[in-house]
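Just below is one structure, and these are the notes that go with it.
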Amino acid sequence: MTPSKAWSAPRWTTVVVVLLATLCCLFVPALGVKHENFKKCDQSGFCKRNRQFADKAAATTSWTSPYALDPTSLSFSDGILSAVVLKTVKDGQEKVRLPLKVTFLESGVARVTLDEEKRQKGDIVLRHDSKARKERYNEAGAWALVGGLETSKGAALSDKVEEGFTKVFYGKGGKHQAIIRHAPFEIDFQRDGETHVKFNQRGLLNIEHWRQKVEKPQEEKKEGEEAKEEEKKEEAQGEDESTWWEESFGGNTDSKPRGPEAVALDITFPGYEHVFGIPEHATRLSLKTTRGGDGNYKEPYRLYNADVFEYELDSPMTLYGAIPFMQAHRKGSTVGVFWLNAAETWIDVVKPKSIPNPLSLGVLRHTDTQTHWISESGLLDVFVFLGPTPQDLTRQYGELTGFTAMPQSFAIAYHQCRWNYVTDEDVKDVDRRFDKFKIPYDVIWLDIEYTQEKKYFTWDPLTFVNPTKMHKQLDKSERKLVAIIDPHIKNTDNYPVIDELKKKDLAVKNKEGNLYEGWCWPGSSMWIDCFNPAAINWWKGLFKYDSFKGTAPNTFIWNDMNEPSVFNGPETTMPKDNLHFGNWEHRDVHNLYGLTFHNATYQALLERKKGTIRRPFALTRAFYAGSQRIGAMWTGDNLAEWSHLEASIPMILNQGISGFPFAGADVGGFFGNPSKELLTRWYQAGIYYPFFRGHAHIDTRRREPYLAGAPYTEIITQALRLRYQLLPAWYTAFHEAATTGAPIVRPNFYVHPDDEKGFAVDDQLYIGSYGLLAKPVTKEGQSSVDVYLADDQPYYDYFDYTVYQGHGHHNIPAPLEKIPLLMQGGHIIPRRDRPRRSSGLMKYDPFTLVVVLDKDGNAQGTLYLDDGETFEYEQGAYIHRRFSFDGKRNSLSSSNLVDRVTVKGENYLKTMAKVRVEKVIIVGAPKSWRNKKEVVVMEEGKKESARKKTVEMEWFEGGKGRADWAVVRDPKVGVGRGWRIDFD
Ligand SMILES: *[C@@H]1O[C@H](CO)[C@@H](O)[C@H](O)[C@H]1NC(C)=O
């Protein structure tokens, strides 16, 4: 750019501008995360030590890992290899014994566990005042895992003996092989003879063994001690011991009764350039590296559930939840690891490019992804997945940690939330206004202000005078209410809930073993400890209708602040030396806390009513591997800025491939006021979040869709209607997630795993298996988008059937009123086209099938339906159809995907007997149908005479780049029946 004249303004103007700028910023609170409140790796003792260890290894020529498997300890039986790994310490004077278990699972997954042998009594002296358990925490699996653990019957030691190695064949047909090197201890995991995952290749395995605290004669600690210690560290030659027994951050001191006990390991994915997963971070889908360099991060990805105020984007900083599951992807192969550890965890990622050999011409540049996993305590416990497809990974991970809970159908419709709807009259008024403007919604939400002085299980008697009446009004349109309940219980007088919590001894303890007291929304509070089964039982009682008065069967629950968020705690959470049930330290279980609390809420909702049980709905902010079995998550307190809208797409895609797909971001942005354009675009994007909720901070202006005014309200309403129209497809996608672990919205690489150009694409998404490809507008003033097509199928504009075809980018118009959505040829999409006030009112509405032909004239699709409320689907009360259009025979058919029809299934079918397909649209209809006026319909199960009928059909010429299409009006076939429509 050339400097323009405008820049050479007289000096005094500059002065005024600077003055004004200074003034403005004195009064405007600084936006953005407070970095000083959260640790960097070098402020977290164990992370710093392990990064130093890695640096030392890298800088030392011929570095050898001090870990070796003792071959005399080896045994193998029933799919489990056991041995002892010896760690050499103190220049060979001491060996620490680490029991190793490699379990080969029937699913083809391998699990590697490294523990530390208990030593003689008195060997390890814990600090005398400590109440913490001294074994390494080994219960993360008890909370996170629910299956998939059958050991392999086929796994076998290789009969080719090689000195210094042990080899095990496993997996289907023995295609997988684990090659265990004894000294130094390493494991290579191979598929079909090729190594895909390597453990300890870089020699960074580090189990900080327990040791006795040597009380060094020390001067009394004085103020400013930290600085001095810093100096000492610099001087120290060997290991940095300064944070072994105690460390401080932000004025909080963590007493570490067990001393250093981190576990760390390097895991390499040879030949893989992309790694995905390890949510939750506000970052791209394809993870950047973390050791500096152009555009890369300098900090490792951190997993330490935390309430991060005004979180920043494009950052490896920790957020509210943690799923330590990472997958590596390249053409033809997806592999991964699940690091089962609930303590604070850091993950470094680097991608060194190997130097191309000038002598071997034509050799492709080869990239490895090297990762370094570091956890503060617990076991080293890692699952290794060898794919080879992304679908294998999500299925196998789901078999271990559980699939998505099948939600009630209302839960996947639109949720209207705000901090706060201030009275019951306010709620009813919002409800009426949605109706007045004919805007669909299913659920209205209450944040903390509904309570009496932040006491959960109460209603503010002045503002929520008649909650029962409020629920009744909502129920008239089959609508629901979600109320917030957090894990902090107000520590106050005259509040039976806190009295019981104390009396029954069900709260988290401090390091002395007394009730821990901290600060949160209600002021002084205590935290329920759901690691204690008795706490879950007690919690269940609190939700009974006669206990939480004013709630009804259409009340559901939202768990916030369950990282747990503690306003006056270190890093806004609990001290790590707090104690939980079983005397485990908070350090060991931190990332599980949110899951156990969310689970208690789920269990409570299950049991609040006798008789037919309805599926619970519980939203959580904190999560861990396994939380998908319980409910939905959202990405926490985002900002009403375009960049946050943009960031929500990769974050939600990442949740999907990481096993927790029922995910969403606050539509509109939590902090701040979105412009009307941003709000509108956010709704147009939000309709693609599996969990779809508008939410706003208490200081923001009201922004219910009907307030936006022309043309915005109408455009937002159209977006909401699109979500409602496609609910049958969404519900089927949820069913797929609930039975196979597949994501609900899917990134390009998952759908096109061989399309290398698309591996990092994370700004567009596919809905379920429907070939519905959406590219939300996430930039201000944008009027078109570039959609990336990964194959050469025709893609049709959802609304006007414009055809886009050819590998690569295509520009699609996207003025404000237009939502960029394409249909990939080859799919049949079920819809319900009648606009209603809520999804509950659509229960018996007829269906439209959109048959989108592929380049060969074929299409397939499925539809899953059940009562949308109860668990009777588990006993066969559902409809599951496959629709198929055969281009050769020109016929569309519906066949059953149900194995066996049960009594419950029969009954459900009866309730749906009158529900029909009222319209079939064929997109890409052949020209040969031009003069066709009718089709022949055949339906099974009817009287002979009624089986066959002819029905009207109309063909339309698309013209101008649009596909031709045809419509069959009201074939009157039952959605739960078998039928065929012949077009020839
Ligand atoms: C959930 O609660 C049930 C019932 O109390 C309990 O058996 C289970 O262990 C809990 N699971 C988790 C992950 O908290």
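For this structure, a couple of remarks:
- Of K438/K610; K609/K904; K469/K610, pairs whose Cα-Cα distance is over 32 Å: K438/K610
- For the set K34, K503, solvent exposure ranked by accessible area (probe 1.4 Å, protein chains only) runs largest to smallest as K503, K34.
- At the residue level, T950 shows approximately 90 square angstrom of accessible surface with a 1.4 angstrom probe and all protein chains present.
- A Stokes-Einstein calculation at 25 °C with viscosity 0.890 mPa s, built on the Kirkwood radius of segment 502-557 over Cα pairs, returns a diffusion coefficient of 189 µm²/s.
- The stretch between E954 and T902, if pulled fully straight at 0.36 nm per residue, gains 14.8 nm over its current Cα-Cα span.
- Over the chain, DSSP H runs of length four or greater, each weighted -39,500 (n - 2.57), average out per residue to a 222 nm ellipticity of -6000 deg cm²/dmol.
- In straight-distance terms, cross-link reach from K818 covers every one of the lysines whose alpha-carbon lies under 19 Å from its own, apart from those fewer than eight places away in the same chain; here that gives K676, K775, K779, K960.
- Remark on N638: its backbone amide H falls under 5 Å from those of D666, F670, F671, a criterion applied only to residues 5 or more positions apart or on other chains, H modelled at 1.01 Å from N.
- From largest to smallest, the equivalent ellipsoid semi-axes obtained for segment 397-464 from the alpha-carbon gyration tensor read 29, 21, 7 Å.
- Accessible surface of the chain [probe 1.4 Å, protein heavy atoms]: carbon and sulfur percent: 52 percent
- Two-site label geometry, T64 and D833: point separation in nm, points 7 Å out along Cα→Cβ: 7.6 nm
- Estimated D of segment 428-533 in µm² per second, where Rh is the Kirkwood radius over Cα pairs and Stokes-Einstein applies at 4 °C, 1.567 mPa s: 82 µm²/s
- Probe 1.4 Å, accessible area per residue of segment 382-442, Å²: 26 Å²
- Compactness index (Cα Rg / 2.2 N^0.38 Å), segment 416-710: 0.99
- The residues of segment 931-984 have, on average, 58 Å² of accessible surface per residue, using a 1.4 Å probe with all protein chains present.
- Debye intensity ratio in log₁₀ form over the Cα atoms of segment 749-982, taken at each q of 0.07, 0.09, 0.15 Å⁻¹: -0.26, -0.43, -1.10
- Separation between Cα centres of segment 445-510 and segment 877-915, rounded to whole Å: 44 Å
- For segment 251-296, the extents of the C-alpha atoms along the principal axes are 42, 26, 22 Å, listed from largest to smallest.
- Accessible surface ranking for E817, E117, 1.4 angstrom probe, highest first: E817, E117.
- Compactness index (Cα Rg / 2.2 N^0.38 Å), segment 572-708: 1.23
- Computed extension length for N138-Y844: 249.2 nm, one decimal, from 0.36 nm per residue of separation with the Cα-Cα distance subtracted.
- Gyration tensor over alpha-carbon atoms, segment 39-164, equivalent ellipsoid semi-axes in Å: 29, 23, 18
- F692 long-range amide H proximity, modeled H, under 5 Å: H415
- The chain has equivalent-ellipsoid semi-axes of 47, 35, 30 Å, by the square roots of 5 times the alpha carbon gyration tensor eigenvalues, sorted largest first.
- Value of relative contact order over segment 749-982, rounded to a whole percent, pairs C-alpha under 8 Å and six or more apart: 16 percent
- If R0 is taken as 35 Å, the Cβ-Cβ distance between K472 and S783 corresponds to a FRET efficiency of 0.15.
- Dividing the mean sequence gap of close Cα pairs (under 8 Å, 6+ apart) by how many residues segment 501-569 holds gives a relative contact order of 30 percent.
- Full-stretch length increase - E162, H35 - with 0.36 nm per residue and alpha-carbon distance subtracted: 40.5 nm
- Estimated FRET transfer efficiency (S255, Q52; beta-carbon r; R0 22 Å; 0.05): 0.45
- Label-point separation in nm, E517 to E310, each point 7 Å along Cα→Cβ: 3.2 nm
- Euclidean distance between Cα centres, segment 165-201 to segment 137-156, Å: 19 Å
- Average Cα contact separation per residue, segment 416-710, under 8 Å, 6 or more apart, as relative contact order %: 15 percent
- The calculated FRET efficiency for the pair I80 and E117, based on their C-beta separation and a Förster distance of 22 Å, comes to about 0.80.
- Radius of gyration (Cα atoms) of segment 808-909, expressed as a multiple of 2.2 N^0.38 Å: 1.35.
- Under the span-like rule (Cα at least 27 Å along the axis, Kyte-Doolittle mean at least -1.0), DSSP H helices of the chain: none
The values are calculated or read from the model by the stated rules, or taken from the named source; none is laboratory data. Fair warning: this is a prediction, and the values are worked out from it, not measured in the lab. Glycine also receives a Cβ, built like all others from the backbone with ideal geometry; neighbour counts cover every protein chain displayed. Note: accessible area is taken over every heavy atom of the protein model, side chains too, but ligands, DNA and RNA are not part of it. Shrake-Rupley method; radii C 1.70, N 1.55, O 1.52, S 1.80 Å.
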